[in-house]
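Beneath this line is the structure, given in structure tokens, with notes to follow.
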Amino acid sequence: KQEVTQIPAALSVPEGENLVLNCSFTDSAIYNLQWFRQDPGKGLTSLLLIQSSQREQTSGRLNASLDKSSGRSTLYIAASQPGDSATYLCAVDNDYKLSFGAGTTVTVRA
Amino acid sequence: GAVVSQHPSWVICKSGTSVKIECRSLDFQATTMFWYRQFPKQSLMLMATSNEGSKATYEQGVEKDKFLINHASLTLSTLTVTSAHPEDSSFYICSAGGRVGSSYEQYFGPGTRLTVT
């Protein structure tokens with residue numbers, strides 16, 4: 001059974017600082033890994049999807065890396081802003097089923 | 001990406017009643033739909049997977065007679081919580097999955113907040 005762990009569980013940084021969020025998974029036989037953003041009481045917003053054959057994906061200030069062999073992914077958010085405050089979830093796709101981590105709750109202080 | 005809607009966005013019901021939640025894929029032919037549940041400050045847990053026209057496959061620990069799933073078309077799936085109890089209060093999220101080019105992708109709905117009193 002796939003286990004997905006996200007560290008840290010919570011993070012508070014001053015505006016402008018770079019954010020580093022970590023995700024690890026136990027079964028490396030994945031199709032892809034996806035990072036989501038969830039605002040309180042809301043659904044999921046997909047941020048980045050990395051196919052198993054890729055090592056990283058970038059979108060604006062976001063960059064996600066994937067090391068499938070070691071079961072790790074890292075989401076980098078450059079020059080954080082208060083609007084980046086949210087919970088960030090990573091999810092791995094095994095056989096078309098997504099397993100989610102518990103998330104990292106980020107607070108960016110103005 | 002595709003747009004997935006859920007209705008209602010929130011619902012309050014009395015203990016013992018049944019509640020139906022709809023999930024619609026507005027511009028995407030979803031061969032598979034997934035239902036997730038999220039308790040406060042916890043992650044999403046997959047409840048069941050349904051393919052269009054087939055019976056749903058439930059994850060271990062999810063009661064199929066309590067959570068009835070119907071996937072009648074490529075754009076609509078429903079989750080009915082039967083004889084709801086306060087412990088069923090949760091955030092229910094659906095997703096629509098299918099092939100996009102050479103890859104398989106899932107698109108998530110905005111979620112339905114269920115409160116059972």
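The values are calculated or read from the model by the stated rules, or taken from the named source; none is laboratory data. Since the model is a prediction, treat every value here as computed from it, not as a measurement. All Cβ positions, glycine included, derive from the backbone under ideal geometry; neighbour counts span all protein chains shown.
Any idea which residue in segment B:6-33 is nearest to the other protein chains (Cβ to nearest Cβ), counting only those that are β-branched (V, I, T) and under 30 Å from A:Y96 (Cα atoms)? Give the steps one after another, and end with the answer.
Kept after step one, since they are β-branched (V, I, T), are these residues of segment B:6-33: B:11-12, B:17, B:19, B:21, B:31-32.
If we keep only those that are under 30 Å from A:Y96 (Cα atoms) as well, we get B:11, B:19, B:21, B:31-32.
On the way: B:V11: 14, B:V19: 18, B:I21: 13, B:T31: 10, B:T32: 7 Å.
Taking the candidates together, the pick is B:T32.
Hey, does segment B:60-75 have a residue that's within 13 Å of chain A (Cβ to nearest Cβ) and polar (S, T, N, Q)? First the steps, then the outcome.
Initial filter on segment B:60-75 (within 13 Å of chain A (Cβ to nearest Cβ)): B:60-61.
Now restrict to residues that are polar (S, T, N, Q): B:60.
Yes, segment B:60-75 has at least one match.
Considering only segment A:63-110, state which residues are surrounded by 21 or more Cβ atoms within 10 Å (Cβ to Cβ), among the β-branched types (V, I, T) and within 14 Å of chain B (Cβ to nearest Cβ).
Result: A:T87, A:V92, A:T104.
Which of the residues that make up segment B:1-46 are farther than 24 Å from A:L47 by Cβ and not polar (S, T, N, Q)?
Residues of segment B:1-46 that are farther than 24 Å from A:L47 by Cβ, as a first pass: B:7-8, B:10-22, B:29, B:31.
Of everything in segment B:1-46, those that are farther than 24 Å from A:L47 by Cβ and not polar (S, T, N, Q) turn out to be B:H7, B:P8, B:W10, B:V11, B:I12, B:C13, B:K14, B:G16, B:V19, B:K20, B:I21, B:E22.
Inside segment B:2-18, can you point out the residues that are touching a Gly at 6+ places or on another chain (Cβ under 8 Å) and more than 15 Å from B:V116 (Cα to Cα)? Before the answer, list the steps.
Keep residues of segment B:2-18 that are touching a Gly at 6+ places or on another chain (Cβ under 8 Å), which gives B:4-6, B:9.
Hits for segment B:2-18 are B:V4, B:S5, B:Q6.
Determine which single condition B:G16 fails, assuming it passes every other condition in (1) within 19 Å of B:Y104 (Cα to Cα); (2) touching a residue at least 24 places away in the same chain (Cβ under 8 Å).
Checking B:G16 against (1) within 19 Å of B:Y104 (Cα to Cα); (2) touching a residue at least 24 places away in the same chain (Cβ under 8 Å), the one that fails is (1).
From the list B:R99, B:R113, which residue is surrounded by fewer than 20 Cβ atoms within 10 Å (Cβ to Cβ), modelled with pLDDT of 95 or more, in a strand (DSSP E or B) and within 14 Å of another protein chain (Cβ to nearest Cβ)? Even if it seems obvious, please write down each step before you answer.
Numbers: B:R99 fails: modelled with pLDDT of 95 or more.
Checking each option against the conditions leaves just B:R113.
Somewhere in segment A:27-39, is a residue of a type in the set (D, E, K, R), out of contact with any helix residue (DSSP H, G or I) (no Cβ under 9 Å at 6 or more places or on another chain), surrounded by 14 or more Cβ atoms within 10 Å (Cβ to Cβ) and more than 10 Å from chain B (Cβ to nearest Cβ)?
Taking segment A:27-39 and keeping what is of a type in the set (D, E, K, R), we get A:27, A:37, A:39.
After this cut, where a residue has to be out of contact with any helix residue (DSSP H, G or I) (no Cβ under 9 Å at 6 or more places or on another chain) as well, the list is A:27, A:39.
Adding the requirement that they be surrounded by 14 or more Cβ atoms within 10 Å (Cβ to Cβ) leaves none.
Scanning segment A:27-39 turns up no residue that is of a type in the set (D, E, K, R), out of contact with any helix residue (DSSP H, G or I) (no Cβ under 9 Å at 6 or more places or on another chain), surrounded by 14 or more Cβ atoms within 10 Å (Cβ to Cβ) and more than 10 Å from chain B (Cβ to nearest Cβ).
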